[in-house]
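The values are calculated or read from the model by the stated rules, or taken from the named source; none is laboratory data. Computed from a predicted model, the values in this text were never measured in an experiment. Methodologically, a virtual Cβ is constructed for each residue, glycine included, from the backbone with ideal geometry; neighbour enumeration extends over all protein chains shown.
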Amino acid sequence: MRAELRREVIAGATTFLTMSYIIFVNPRILSTDGTGMPFRAVMTATVLLAFVSTLLMGLYARLPFAVAPGMGLNAFFTFQVVLKQRVPWPIALGLVTWAGIAFLIVSVTPLRQAIARAVPTHLRIAAAAGIGLLLSLVALRSTGLVVSDAATLVTAGHLGRPAILFGVGLLVTLLLLLRDSPLALLAGAVAATLVGVALGEVAIPSKMVSAPDFSLVGRADLLGSLRLVYLPILLAILFTDLFDSLSTFVGVAHATGLVGEDGEPRNLGRALTVDSLATLFAGLLGTSAGTAYVESAAGIRAGGRTGTTAVVCAICFLPFLFLGPLAAAIPAAATAPALIVVGLFMFRSVTHLPLDKLEEALPAFVTLILIPLTMSIAQGILAGFVLHTLCFVAAGRRRELSPTMWSLAGVSVFALALENLR
């Protein structure tokens, strides 16, 4: 029994180390200049969400998965919703909360299976790959390697000190990834920050420890976010979160043997319920939507098989409630390597796209390129639903479209029309 417990503890710590980068990456994204969201308050919300949701995953779903604010969704929240569309962050948090409520309804009803079966695999793959490109673009912009250009939209930037920090961090991350180290992403950010200190680019904080900042907790504007014009944003959060969760649970479960006799992931219904609650809690706590992390596979491969792994991982987050000043010292250029690597991991699924059939390849391709080019997950996913339906009708495959897919296409047309009226 002691050997089993020891294995689960090691697995939980391993999962935490592989995803600990989210503690400072998520606040760095959401507190980008112009959002009005304080770094330390977002960090508190990030840590609280990861602790509560991962603990629920262990105690209720009894699975070795960790949950935290989702990469991609945090970039969408910041750059598309708050900065581009100028949606006030309290309303944006309200939308995250309502998306979590909608996700919860989907998770506990037959809608979950209906949507999961209706959305074709090639659109899910394209959405993941598009989000990967979006994260990479955010990373390169934060280092100054890519800047805006009136003639070409974007162009090469200046190779300054932020680019040097990025290069150091990426090199350290790469060397450790090649050795399968769970510390790779965290070590890359730390190495880049230390080089920044040496170059005078990063100031050492006067104090390393402080009380948590709960100023974002309960600030979601639930009534203001109920306006019809915000429907496309809500749908984007809902669908992206649902696809991400299903892909993570199904992919990791099959890769690590966590499946039942029917071949389905163990306790999938409970896992999705926890994931939906994570998004609901995220809005109330003050951060972007939560989701299960694919990095959980590292802990599962280390021997994690039960909810104990998730409980241990959740506990590992708690000390970081008091390390806000230290985390705030990490510059955006130091977190960029983590964004690039996560973007790569999401993009590499593109190799599974069915490019031999035009009616499947075209909607997937449009979904993939629209997400980074428009900086909007919503535009990509909604356009993909509509184009998929049109292409299948044109190709004589109308009978393969389920009533749920027709409904999703109809809602997408309506949502895109609302988006264009903004």
* Working only within the range 27-43, note down all residues that are over 16 Å from residue 329 (Cβ atoms) and either buried (at least 24 other Cβ atoms within 10 Å of the Cβ) or of a type in the set (A, V, I, L, M, F, W, C) (or both). => 29, 30, 37, 41
* Asked: Among 147, 217, 190, which is the only one that is among the β-branched types (Val, Ile, Thr) and under 30 Å from residue 280 (Cα atoms)?
  -> 217
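Please find, within the range 288-309, the residue that is nearest to residue 3 (Cα to Cα) out of those that are touching a strand residue (DSSP E or B) at 6+ places or on another chain (Cβ under 8 Å) and of a type in the set (Gly, Ala, Ser).
292
What tally of residues in the range 102-128 results from selecting those that are in a helix (DSSP H, G or I), out of contact with any Lys or Arg (no Cβ under 8 Å at 6 or more places or on another chain) and under 30 Å from residue 357 (Cβ atoms)?
Residues flagged as in a helix (DSSP H, G or I), out of contact with any Lys or Arg (no Cβ under 8 Å at 6 or more places or on another chain) and under 30 Å from residue 357 (Cβ atoms) within the range 102-128 amount to 16.
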* **Options 48, 135: the member that is crowded, with 24+ Cβ neighbours inside 10 Å and either part of a loop (DSSP other than H, G, I, E, B) or within 18 Å of the chain's Cα centre (by Cα) (or both)** => 135
* Structure fact -> Conditions (1) in a loop (DSSP other than H, G, I, E, B); (2) in contact (Cβ under 8 Å) with a residue 12 or more places away in the chain; (3) closer than 30 Å to residue 401 by Cα -> residue 99 fails only (1)
* Asked: Are there any pairs, at least 6 apart or on different chains, whose C-beta atoms fall under 8 Å, with the first in the range 325-351 and over 23 Å from residue 196 (Cβ atoms) and the second of a type in the set (A, V, I, L, M, F, W, C) and assigned to a loop (DSSP other than H, G, I, E, B), and if so, which?
  -> 345/294; 346/71
* To do: Residue by residue through the range 160-213, note down the ones that are under 22 Å from residue 342 (Cβ atoms), at pLDDT below 90 and assigned to a loop (DSSP other than H, G, I, E, B).
  => 180, 181, 182, 183
* To do: Give me the pairs, please: first residue somewhere in the range 160-184 and at negative phi and loosely packed, with under 15 Cβ neighbours inside 10 Å, second residue anywhere and at pLDDT below 90 and not in a helix (DSSP H, G or I), beta-carbon distance under 7 Å, and either six or more positions apart or on two chains.
  => 160/144
* To do: Looking only at the range 7-24, decide whether some residue is crowded, with 24+ Cβ neighbours inside 10 Å, within 16 Å of the chain's Cα centre (by Cα), at pLDDT 95 or above and of a type in the set (A, V, I, L, M).
  => no
* Restricting the search to the range 288-317, which residues are in a loop (DSSP other than H, G, I, E, B) and more than 13 Å from residue 53 (Cα to Cα)? -> 288, 294, 295, 302, 303, 304, 305, 306
* Residue count for the range 375-404, restricted to those that are modelled with pLDDT under 90, buried (at least 17 other Cβ atoms within 10 Å of the Cβ) and assigned to a helix (DSSP H, G or I) -> 6
* To do: Read through the list (1) part of a helix (DSSP H, G or I); (2) among the β-branched types (Val, Ile, Thr); (3) at pLDDT 90 or above, then give the number of the only condition that residue 342 fails.
  => (3)
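Matching residues to (1) of a type outside the set (Phe, Trp, Tyr); (2) out of contact with any Leu (no Cβ under 8 Å at 6 or more places or on another chain); (3) free of Cβ contacts under 8 Å to residues at least 60 places away in the same chain; (4) surrounded by fewer than 24 Cβ atoms within 10 Å (Cβ to Cβ):
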{"residue": "228", "(1), (2), (3), (4)": "yes, no, no, yes"}
{"residue": "266", "(1), (2), (3), (4)": "yes, no, no, yes"}
{"residue": "276", "(1), (2), (3), (4)": "yes, no, no, no"}
{"residue": "288", "(1), (2), (3), (4)": "yes, no, no, no"}
{"residue": "305", "(1), (2), (3), (4)": "yes, no, no, yes"}
{"residue": "309", "(1), (2), (3), (4)": "yes, yes, no, no"}
* Any chance the range 284-293 includes a residue that's polar (S, T, N, Q) and at pLDDT 95 or above? -> yes
